[in-house]
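Below: one structure, written as structure tokens.
The values are calculated or read from the model by the stated rules, or taken from the named source; none is laboratory data. Keep in mind that this is a model prediction, so the values were computed, not measured. Cβ coordinates were reconstructed from backbone atoms using ideal geometry, including for glycine residues, and neighbour counts include every protein chain displayed. Side chains are part of the model used for accessible areas, which takes the heavy atoms of the whole protein and leaves out ligands, DNA and RNA. Shrake-Rupley method; radii C 1.70, N 1.55, O 1.52, S 1.80 Å.
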Amino acid sequence: MEETEVSNANKKLTKTLIRGRTHQYQPQVLHHSNQFGSYYENHQYHSYYYPPALLPLPPTLPLQFALTPPSPYNRISRSKTHFYNPPFATPSDAQLPVDTISPALEGLQLPFKENGGKRASTTSATTKAMVVARRPDSGGIEGLVIPLLANHFHVQFDPSQRIFHYNVEMSPNPSKEVARMIKRKLVEDNPVVLSRALPAYDGRKNLYSPVEFQNDKLEFFISLPIPSTKLLSLGEFCDSNEKRQQLKLFRVNVKLVSKFDGKELSRYLSKEGDDWIPIPQDYLHALDVVLRESSTDKCFSVGRSLYSSSMGGAKEIGGGAVGLRGFFQSLRPTQQGLALNVDFSVTAFHESIGVIPYLQKCIESLRDLPQKKTRGLIGEERKEVEKALKNVRVFVCHRETVQRYRVFGLTEEATENLWFPDRDGKNLRLVSYFKDHYNYDIQFRSLPCLQISRSKPCYLPMELCIICEGQKFMGKLSDDQTARILKMGCQRPKERKNIIDGVMLGSVGPTSGNQEREFKLNISREMTRLSGRVLQPPKLRLGDGGHVRILVPSRHDRQWNLLDSHVFEGTKIERWALISFGGTADQKSNIPRFINKLSQRCEQLGIFLNKDTIISPQFESTQVLNNVSLLESKLKKIHVASANNLQLLICVMEKKHKGYADLKRIAETGVGVLSQCCLYHNLGKLSSQFLANLALKINAKVGGCTVALYNSLASQTPRLLHSDEPVIFMGADVTHPHPLDDFSPSVAAVVGSMNWPAANKYVSRMRSQKHRQEIIQDLGEMVGELLDDFQQEVKKLPKRIIFFRDGVSETQFYKVLQEELQAIREACSRYPSYRPPITFAVVQKRHHTRLFPHENDSSHSQNQFSDENIPPGTVVDTVVTHPREFDFYLCSHWGVKGTSRPTHYHVLWDESHFTSDELQKLIYNLCYTYVRCTKPVSLVPPAYYAHLAAYRGRLYLERSESMSSSRDSSTVCRSTPPKATPLPKLRENLKKLMFYC
């Protein structure tokens, strides 16, 4: 991460800012242009290129070279050192910390006590190696076989090819971008010493070469040109046309730390050797860096994705943000060997324009700012501005500099009231300083300045700052922005496939450089061909006037309708009320018709909704949603009017409102009533589909269910499941606060099925926990409560536990398994001699494997199905899956828009010993039991419900989080996040209902 403060180099240089004679640099128009747009400012600037006195410059210090030891693993004992000295050197004027890289994953073998389950040393005699579940067979066989393409590109490597890993230390520490510039110049200037290699560099501390350098230890001095004015003498500057390039010196130490070849990786991929041997992460990571080398030099890097304007340019999405196209790239071990997973990607970036125009775009109340230059920030505007600019990098346009500054906050005082001490301790007024030294009159004097230091007064006037390009937009996107981004990234399968193929053959993709030849790699330019299987849909049970109706979803999208059917289990809602927030007179006049139509639609679906509300509809102003205490009193008043026996409260809102979170929290934790919200704009047409969707959600919340499987899960998996031996399905998820939020707690939720063999009703438990902690802290307690509830409902403890964990990345698999599996076991151990077999599977939606239909017959190429998504029920468990572990891709839904994303299921632990067919069919059938719609969903329902419950817990915290944020806004630095605010307790009458649906 780059520093927010002025570079330390400024503190070390002998440059002295003297308030004396200056040369006036007065361009007619200042024009800043880049890939995102242009910034024009029709002002005259008095410019020279040294940091102003308001950026403090302490006394000159000698240049210090910080040399840290290399990586502690695989040290090389040889210590030859070679020095390279440039003809001359000057101190650096930038010092930024280098990012460190996380260590490689630990192996699959984990310590685990059988008797107590607590972590122990691997040397302990009581420990047993915990090995992730292996694939039980060679893959499933059920279903119609279809040809597919996957966006995996086979990578062949030479196992005998050695890779030499060097540790790189640069001093002063540069930014990642500058570090890559240094590496390029180092390679260009020293071909002989580097054995004419073209090494790959990760921008941090790791350099990988296909050949060994001449020495194990090398030291270089690399000078990079930096724009600067020529210093004539103390206090005097030459004409601005006589600029020269000042050289910034970096000291680079390169040390060999390890050397390895691909033989172990080759053995792992060919399934030779013991199962517990972990994948060789060092070689795999090295190849991953190698394959990203060329693209990283040409694109903006965000995580594992790379973005470039050459892929279609930037598109404004409003609010100071632009959408940029790019591609995701990751090297993966698969059954076919190494594969490069490449996918199309779109994300939002900050638009690179002046800070003032940026604020105009992202804050509605500041749209007229240029016309009202004397106005300051009023009301909540200051918080909005600070939120919009915090941690955003900017550069200044009143002087030439390559320095970028990260915005820490805003000054308390307006610009016209700011003073700062110069080097002699004399106080200078900021406005006068810019007039005297830059001949520039600050226009927006009533606005605060940007504060770019955590502890020192380092001020930059907003109007002289420009947002740096290539910064991912970290703020929460509005609904309009989200819609525009989704539209940019929404391509039908044929179009998406063509884009990905274009990346592989294009000028910025992974094959665009020389690394393939240097490291003896052979990357296929064609997508992987494979076979998938389409599972048959299950028979469903619906209601029909008290009778059971059998239905087989036969449409291509596997959707069914309820025009001639009832829900499987309808509820009776006798006592309910309606409250309205906002709305025009015409909109409010639709309420009686809405009540009548909703009641009729419920009746058609086998749900009874009383046509008369318990009290007349209540019409309130939208402002009530802004006042928590007033909102609470309104809801309690309605509840009391219904004799504290209100089954349902329908809330109609004029528009989406932040008060929605307060309403849900008050209703469910304070009053104890179920609520269903909808928007006025849906009440105009009152389509049958809208009413049906509303009715299904209401029915599920009150205790009904939409559909059941005709053949029970037990009858479909007779080898393992039996009707008299109940099974509980659990789902778990953790939702984390917004990326810019550095203190709010995370929220974990666990749900469990409460009926057998139907397994279509789920209760939930929610807890808050430490900020951004992924491991579920109170999992044992929550699982224990769900087991208690299950025993009360079914009169037995579950014979098996099938646990679906959402939201876990591959790097966290083993830690999550080790700690959370043990928590589940500890919950079971509360019951005497109760040790049910546990199946623990991770569910992933955030991956980049895409499957495309493929017609083998060339005569049918480009046929009418080439732009269709793969059918629901498509499962893939060969070729592109893990070479050893039990995983598969299942596309259980029909992709209406864009390209379907199959869900990735990775079984980490399986004491029930499912076969591939058994587990795949079980999960696919469960996807038909989701209560909110009449089609199979993309995610197994337990994981889906856990996600909804975790989101509801997040809503409960929103009010307290926002209040804490305002209290802590003045805090400069927080060493550790505060303790998690506990969630308010759910009312007892709602605990066994699916209120979160």
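Key figures for this structure:
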quantity	calculated
Nonlocal amide H pairs with LYS761, under 5 Å, H built at 1.01 Å	MET754, ASN755
Translational diffusion of region 312-433, µm² s⁻¹ [Kirkwood Rh, Cα pairs; Stokes-Einstein; 25 °C; 0.890 mPa s]	134
Computed Kirkwood radius, in angstrom, where 1/r is averaged over Cα pairs of region 594-701	14.6
9 Å beta-carbon shell around GLY703, net charge (K/R +1, D/E -1)	+2
HIS154 accessible area, 1.4 Å probe, all protein chains in place, Å² to nearest 10	50
Summed side-chain charge close to HIS947 - residues other than HIS947 whose Cβ falls under 9 Å, Lys, Arg +1, Asp, Glu -1	-2
SER633/LYS298 FRET efficiency (R0 60 Å; Cβ-Cβ; nearest 0.05)	0.50
Over region 477-618: Rg over Rh, Cα atoms, Kirkwood Rh	1.23
Cβ-based charge dipole, region 425-564, positive-most Cα from HIS556, VAL431, CYS449	HIS556
Cubic angstrom per residue, convex hull over Cα atoms of region 691-761	151
Residue-by-residue Karplus 3J(HN,Hα) for region 595-600, coefficients 6.51, -1.76, 1.60, Hz, glycine and proline x	4, 5, 5, 5, 4, 5
Karplus (6.51, -1.76, 1.60) ³J(HN,Hα), θ = phi - 60°, over region 455-471, in Hz, Gly and Pro reported as x	10, 10, x, 10, 10, 10, x, 4, 5, 9, 10, 10, 5, 5, 7, x, 9
Residue-normalised accessible area of region 801-846, expressed per residue, 1.4 Å probe, Å²	38
Gain in span if fully extended, HIS738 to LYS845, counting 0.36 nm per residue against the direct Cα distance	36.6 nm
Sorted peptide list for 193-205, 634-646, criterion being average Cβ within 10 angstrom, highest first	193-205, 634-646
Residues of type aspartates and glutamates that LYS685 reaches as a straight line, Cα spacing below 16 Å, ignoring anything fewer than 8 places off in the same chain	ASP586, GLU654
Kirkwood Rh, angstrom, region 370-510 [1 / mean 1/r, Cα pairs]	18.3
Cα-projected label distance for ASP261 with SER554, points at 7 Å along beta-carbon direction, nm	6.2
Projected label distance in nm at ARG772 and GLN791, using a 7 Å step from Cα toward the beta-carbon	4.0
Solvent-accessible area, 1.4 Å probe, carbon plus sulfur percent, for region 304-391	47
Portion, in percent, of the accessible area of region 726-795 that falls on carbon or sulfur, probe 1.4 Å	46
Sites matching trypsin sites (Lys or Arg not before Pro) across region 688-794 that sit in DSSP coil, with at most 13 neighbouring C-beta atoms within 10 Å	ARG719
Region 803-844, accessible surface, carbon-and-sulfur percent (1.4 angstrom probe)	53
Contour excess over end-to-end distance, with Cα ends at ALA643 and ARG204 and 0.36 nm allotted per residue	151.4 nm
Rg and Dmax [Cα atoms of region 343-387; Å; Rg one decimal, Dmax integer]	13.5, 49
Label-point separation in nm, SER160 to SER589, each point 7 Å along Cα→Cβ	8.8
Region 534-637, Cα convex hull volume normalised per residue, Å³	172
Gain in span if fully extended, LYS373 to SER455, counting 0.36 nm per residue against the direct Cα distance	26.6 nm
Nearest-0.05 FRET efficiency for ASN391 and LYS520, computed from C-beta distance (R0 45 Å)	0.60
Fraction of beta bridges assigned by DSSP in region 743-896 that are antiparallel (%, nearest 5)	65
Compactness index (Cα Rg / 2.2 N^0.38 Å), region 645-797	1.27
Peptides ranked, highest mean first, by Cβ atoms within 10 Å: ranges 504-516, 285-297, 133-145	285-297, 504-516, 133-145
Per residue accessible area in Å² of region 465-615, where ligands, DNA and RNA are left out and the probe is 1.4 Å	49
